[in-house]
Amino acid sequence: NFISFGSDAFKAHADYRRMMLDIYQTSLSSEQLGENDRINGCKIAESLLLNLRGHIDDILAPIINSTAENIDKAQTGALRLHMVEVLINAVLYAPAHTLQLLESRAPGGASAFLQRWFGLIAGEKDRLPRVHDKKLSIAALCALMELEPSQAPDGLQGIVAAALRVFRGLPAALARRKAA
């Protein structure tokens, strides 16, 4: 809520953005914190990416690096999903730059992330069931489709199929949300 309702203050003060980055990184790396703390840290990163478009270029790389560094250490599927969503948000925020950062961390890093994401979409079980998951994926997939071919890594071949699957699953997610 602080980030969404106080976005003007966060846009104006780099130190506020750095404090949120520190909270996120600490939530992922501290052995004294548990899974719920890590998930809440992911929600902070997601809120930064969604609410401060164009104003967090200074902390985008550390968000992506911290997430990519810790995603395989996640002990539960719920935490891994939240971390994947941080990266999906980063793709929506700056698609070419995010893919470049993932690739620079490790050769094939961008493709590995895309395979993980598309695997969540394309599996038999819907692993991105919430309306938010689907809308976020649709927006990020559209951002990827706008990339120049020279900016696209290997692994984007499944983008159209992934987008269609998410679009098809959106009405059911809306119905589930309405019923709840």
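Here are the numbers for the structure shown:
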| read-out | value |
| --- | --- |
| Mean-position separation - Cα centroids, region 43-66 and region 111-128, in angstrom | 22 |
| Rounded, prolate or oblate (a/c below 1.5 giving rounded, otherwise prolate when a/b exceeds b/c) for region 45-90 by Cα gyration tensor | oblate |
| Accessible area expressed per residue, region 1-153, with surrounding protein chains retained (probe 1.4 Å, Å²) | 50 |
| Residue with peak Gaussian network fluctuation, the chain [Cα springs, cutoff 10 Å], from D72, D22, D57 | D72 |
| Helix-derived mean residue ellipticity, 222 nm - over the chain, DSSP H n ≥ 4, -39500 (n - 2.57), to 500 | -24000 deg cm²/dmol |
| Kyte-Doolittle at least 0.5, axis length at least 18 Å by Cα - qualifying DSSP helices, the chain | 77-93, 109-122, 131-145, 159-179 |
| Solvent-accessible surface (1.4 angstrom probe) belonging to F113, in square angstrom, nearest 10 | 10 |
| Cα gyration tensor shape of region 1-80, rounded if a/c is under 1.5, else prolate or oblate by comparing a/b with b/c | prolate |
| For the chain, built as a Gaussian network whose Cα springs stay under 10 Å, the top-fluctuating residue of A68, A140, A112 | A112 |
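The values are calculated or read from the model by the stated rules, or taken from the named source; none is laboratory data. These numbers were taken from a predicted model, which means no experiment stands behind them. Accessible surface is based on the protein model in full, side chains and every heavy atom, while ligands, DNA and RNA are left aside. Shrake-Rupley method; radii C 1.70, N 1.55, O 1.52, S 1.80 Å.
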